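All of the numbers you see were taken from the coordinates with simple rules; none came from a lab. Treat the numbers as computed from the prediction; the structure is a model and nothing was measured. No Cβ is skipped: glycine too gets one built from the backbone with ideal geometry, and neighbour counts run over all protein chains shown.
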Amino acid sequence: MSLNSETQLLRQIHPKWYQEGKISSIAFNPSEDHDFKLSCYNGDKFLPKDAYDHFIQNNKSIGVVAVRVSDVENLDIKAYEDNISFDGHCVIDFEGVDSTNARKKKASQLRKKAEQGGFLFENNL
Amino acid sequence: MKLTDKEIYSPRLVGGRFNDHRLPLSLMDDISVLDVLTKDLARHIFFEENPNRKRLPNGFYEGVNLKLDSLEEGSTILKILLITASNLLFDATNITYFEKASERIENAIRAAELGEDITEFVPPQFLMHFNRLGRKLNDDEFIEFHPDSDVKAVLSQSSRKRLIQAGGLIEYKEFIQIRGKISSIDKYERKFKILDGRGVVSHGVFEDKDHEMISDAFLLFEKNAKVCVSGLARFSKHGKLIEIERIESVDFIDPLDVFARTEELSTLKNGWMNGQGKKLSKDGLSWLAKELNSKISEDFPLPHIFPTTDNAVQLEWEKEDWSIEVEINLESKGCNVFAYKYNDDNAEHDFELNLRDPKEWEVLSKFIKDIEANVIE
């Protein structure tokens, strides 16, 4: 099942990248170590809570937010499902975005979109 | 009756609060300990030098006073005089015991600083006075005795702790500030617990005046409400906080308080970000907190602070339609400023600053102010 423009890409937020109601743009800025790709869950295959439970088996997350595929494409970057490591694993691929600041700007724009939707699942502990 | 005076101490206070060459009144109580310590030690020296005497000569303390004469211009140097009144009872030769006492106190402080034997100068039973002397000094402050000499004696929190330990005390006291959330309150015992950004829980007692604030903060625990508790705390000789025994003040702090946030970030360990991410420099975070705290104003609002994975932090502001991000390397203190307007592709700014230079902080401050004032396009 491929992604469509309305598919939600579920993104986990590390606790240190959330402070007093604000998510950092760093949470949407992929590193060179990850080939400038952001890992996400396919929202058509995972409920936010299920994505969270799956993720925290080995990692830390304070909760799950989302952007739509169309939000990503509007920024001239790609989103696709690669199913690497598990079925439903997706990436937001910053390939071709050459400058640090251009990546920062797109990351910040994605963050803003995600923040507008709020947390779809939040660990309140 | 004729009064004579002689300068007996001239301690210089060095550090943040003394840069304006004024003495905070809160330190007067600390300094006043020099009076009782000098007199106690003078008495001890008298018996040391006169082993056959069973009691002090009449009028040994009569008319002897240590008084603060002035603050010397140019820095916060306290001029403390030994004032003696010539009268029938007072033998002028007694003055030498007080002078020797002051010399030995300064030598003991110097020995503490150098890691040498303190009790060679001041016996252990008198060292308890250092529980008060210097307890209100902040970490970046110290008192320099003999400031004009090549051989200074520096009383800092670390040398003070050595003096107290040499006195055989199992506890010492120090004024502290803790920022955190009130995690528990016992109204009957009048005790509370505070959870700081490092995840450490400290215990304390409170009085009536602080009851309401402590209760309010406790009720807002889940809302992440933080307070700053200032007060006198007891520590074990190993430096473990035993109890905040007297609260001087307790106040709610801003949710974005930079000291609380940087303390929280100082606990990150290598691999903190799901296996990646370097720990952040504690010195760098401490520097950042002090710098930011001194700049925060209406024009320079508190930022959100986030760690990057590479020993840097990113300060973030959202102003009107602007996003401002300042990435600061905690080692080099170099930073990259990047700002853009959400709805205008052409409105974008990007520049580098070296925040070791105070003038570059001014550039950053002005940039943020201009964005807020809509001066920048």
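Name the residue from A:GLY88, A:PHE121, A:ILE23 whose Cα lies farthest towards the positive end of the charge dipole of region A:8-122, charges +1 on Cβ of Lys and Arg and -1 on Cβ of Asp and Glu.
A:ILE23
Looking at the P(r) of region B:40-169, how many percent of alpha-carbon pairs lie beyond 19 Å? Show your work: numbers first, answer last.
Numbers: 4683 of 8385 pairs.
Tail of the P(r) past 19 Å holds 56 percent of the pairs.
Find how much the distance from B:GLU103 to B:ARG356 grows on full extension, using 0.36 nm per residue of separation minus their present alpha carbon separation; answer in nm with one decimal. Could the numbers behind the result be given before it?
Numbers: separation 253, 0.36 × 253 = 91.08 nm, distance 4.04 nm.
My answer for the length gained is 87.0 nm.
For each of B:ARG261, A:ARG68, count neighbouring Cβ atoms within 10 Å of the residue's Cβ, then give the residues from fewest to most. List each step's numbers first, then the result.
Details: B:ARG261 27, A:ARG68 20.
With the sparsest Cβ surroundings first, the list reads A:ARG68, B:ARG261.
Per the Kirkwood definition applied to all pairs of different Cα atoms, how many angstroms is the hydrodynamic radius of region B:258-372? Numbers along the way, then the final one.
Details: mean 1/r = 0.0684 Å⁻¹.
Here the Kirkwood hydrodynamic radius works out to 14.6 Å.
Sorting check: for B:304-312, A:112-120, which peptide has the highest mean count of neighbouring beta carbons within 10 Å, and how do the rest follow?
Details: B:304-312: 20.2, A:112-120: 16.4.
So the peptides B:304-312, A:112-120, ranked by packing, come out B:304-312, A:112-120.
What are the ³J(HN,Hα) couplings of region A:75-87, residue after residue, when phi is run through the Karplus curve with 6.51, -1.76, 1.60 and θ = phi - 60°? Round to Hz, x for glycine and proline.
Here the 3J(HN,Hα) series is 9, 6, 10, 10, 10, 7, 8, 10, 6, 6, 6, 6, 5 Hz.
Sort the following peptides by mean Cβ neighbour count (other Cβ atoms within 10 Å, averaged over residues), highest first: A:79-91, B:94-106.
Packing order, densest peptide first, comes out as B:94-106, A:79-91.
Which distance in nm do the two modelled labels at B:SER236 and B:ASN138 give, with both placed 7 Å along the Cα-to-Cβ direction?
About 2.9 nm separates the two model spin labels.
In chain B, what is the volume of the convex hull around the alpha carbon atoms, normalised per residue and reported in Å³? Before the final figure, lay out each step's value.
Working: hull volume 75.7 nm³, N = 377.
With only Cα atoms used, chain B gives 201 Å³ per residue.
Can you give the mean number of other chain Cβ atoms that lie within 10 Å of the Cβ atoms in peptide A:15-22? Present the calculation step by step, with values, prior to reporting the outcome.
Working: counts 1, 10, 6, 2, 11, 7, 3, 7.
Mean shielding by partner chains, rounded to a whole number: 6.
On full extension of the chain, what length is gained from B:SER294 through B:GLU212, given 0.36 nm per residue of separation minus the C-alpha to C-alpha distance?
Working: separation 82, 0.36 × 82 = 29.52 nm, distance 2.97 nm.
Extra length available between B:SER294 and B:GLU212 comes to 26.6 nm.
For region B:260-306, which GluC sites (Glu not before Pro) pass both filters: DSSP loop (anything but H, G, I, E, B) and at most 12 other C-beta atoms within 10 Å? Numbers along the way, then the final one.
Working: sites: B:GLU263, B:GLU264, B:GLU291, B:GLU298; in loops: B:GLU298.
Answer in residue order: B:GLU298.
To the nearest whole number, what is the average tally of beta carbon atoms from other chains within 10 Å of the beta carbons of peptide B:268-274? Show your work: numbers first, answer last.
Working: counts 1, 0, 0, 0, 4, 7, 7.
The mean count of partner-chain Cβ atoms within 10 Å per residue comes to 3.
What nm distance separates the two modelled labels at A:SER5 and B:ASP251, each placed 7 Å from Cα along Cα→Cβ?
5.4 nm
Across peptide A:101-113, how many C-beta atoms of other chains are within 10 Å of each residue C-beta, on average?
Working: counts 7, 1, 0, 8, 9, 0, 1, 8, 3, 0, 2, 3, 0.
Mean shielding count: 3.
State, to one decimal in nm², a quarter of the convex hull surface area for the C-alpha atoms of region A:65-125, i.e. the direction-averaged projected area.
Numbers: hull surface 21.6 nm².
Average of the hull's projected areas for region A:65-125 equals 5.4 nm².
With a Förster radius of 51 Å, plug the Cβ-Cβ distance of B:ASN374 and B:GLN276 into 1/(1 + (r/R0)^6) and report the FRET value to the nearest 0.05. Each step should come with its number before you reach the end.
Details: r = 39 Å, r/R0 = 0.77.
It comes to 0.85.
Please enumerate, by chain and number, the aspartates and glutamates with C-alpha under 17 Å from the C-alpha of B:LYS209, excluding those fewer than 8 residues away in the same chain.
Once the sequence-local aspartates and glutamates are set aside, what remains near B:LYS209 is B:ASP186, B:GLU189, B:GLU245, B:GLU248, B:ASP251.
Assuming R0 = 51 Å, can you tell me the calculated FRET efficiency for the pair B:GLU72 and B:ASN346, based on Cβ-Cβ distance, to the nearest 0.05?
Details: r = 59 Å, r/R0 = 1.15.
That pair, B:GLU72 with B:ASN346, gives E of 0.30.
Can you compute the FRET efficiency between A:ASN83 and A:GLN116 using 1/(1 + (r/R0)^6), with r the Cβ-Cβ distance and R0 = 35 Å? Round to the nearest 0.05. Kindly include the intermediate steps, with their values, before the conclusion.
Details: r = 28 Å, r/R0 = 0.81.
Efficiency for this residue pair is about 0.80.
Can you give the helix-only mean residue ellipticity at 222 nm for chain B, where every DSSP H stretch with n ≥ 4 adds -39500 (n - 2.57) and the sum goes over all residues, rounded to the nearest 500 deg cm²/dmol? Walk me through the numbers before you get to the answer.
Numbers: 7 runs with 101 residues, N = 377.
-8500 deg cm²/dmol, from helical runs alone.
Which value in Å does the Kirkwood hydrodynamic radius of chain A take, with 1/r averaged over all unlike C-alpha pairs and then inverted? Intermediate values should be presented prior to the final figure.
Numbers: mean 1/r = 0.0697 Å⁻¹.
Computed over Cα pairs of chain A, the Kirkwood hydrodynamic radius comes out at 14.3 Å.
When the Kirkwood hydrodynamic radius is evaluated over all pairs of different C-alpha atoms of the protein assembly as shown, what value in angstrom, to one decimal, is obtained?
Values: mean 1/r = 0.0370 Å⁻¹.
One decimal place: 27.0 Å for the Kirkwood radius.
Output the relative contact order of chain B, whole-number percent, from Cα pairs under 8 angstrom with separation of 6+ residues. Before the final figure, lay out the partial values.
On the way: 672 pairs, mean separation 37.9, N = 377.
This gives 10 percent for chain B.
If one computes the Cα centroid of region A:40-56 and of region B:287-360, what distance in Å separates the two points?
33 Å
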